[in-house]
Amino acid sequence: MSSSPFPDAAPTAGPQVGDGRNLDSILRIPVLVQVVLGSATMPVANLMKLGRGAIVPLDHRVGEPVDVMVNGRVIARGEIVIVEEDNSRFGVSLTEVVGPADPDQNG
């Protein structure tokens with residue numbers, strides 16, 4: 001006997017929770033994914049002087065892993081790559097997935 005509230009519903013092939021509820025609606029929720037190349041701290045006076053062509057040095061160095069964030073939380077680290085199909089775009093190759101107990105995790 002099915003535990004579904006819809007007794008005549010056909011079983012689905014998607015991921016399911018132990019009670020049989022389909023997670024399809026949860027898997028469709030959009031999340032914001034950001035790759036953080038680095039950051040900088042500066043006084044407002046210096047910020048006001050920035051203009052076109054200004055360079056802001058970041059705290060990360062070339063070759064250091066970048067943080068991959070989802071909805072403001074670090075979930076992975078990786079390295080910047082050029083997308084092969086389109087050399088005008090960047091991507092990130094994941095090198096480490098951050099676990100929930102990782103002390104370096106933000107938030």
Item to check | Residues of the stretch 57-88 satisfying the condition of being surrounded by 10 or more Cβ atoms within 10 Å (Cβ to Cβ) and among the β-branched types (Val, Ile, Thr) | outcome: 66, 68, 70, 74, 75, 80, 81, 82, 83
Checklist entry - Taking the condition exposed (fewer than 10 other Cβ atoms within 10 Å of the Cβ), modelled with pLDDT of 95 or more and of a type outside the set (Val, Ile, Thr), does residue 54 pass? => result yes
Item to check | the stretch 73-91 residues that are more than 22 Å from residue 31 (Cβ to Cβ), paired with ones that are surrounded by 10 or more Cβ atoms within 10 Å (Cβ to Cβ) and of a type in the set (A, V, I, L, M, F, W, C) (beta carbon under 7 Å, 6 or more apart) | outcome: 82/90
Next on the checklist: What's the number of the only condition in (1) outside any loop (DSSP other than H, G, I, E, B); (2) at pLDDT below 90 that residue 77 fails to meet?
Outcome noted: (2)
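The values are calculated or read from the model by the stated rules, or taken from the named source; none is laboratory data. Note that the structure is predicted; figures quoted are calculated from it, not measured. Here the Cβ is made from the backbone with ideal geometry for all residues, glycine too, and neighbour counts use every protein chain on show.
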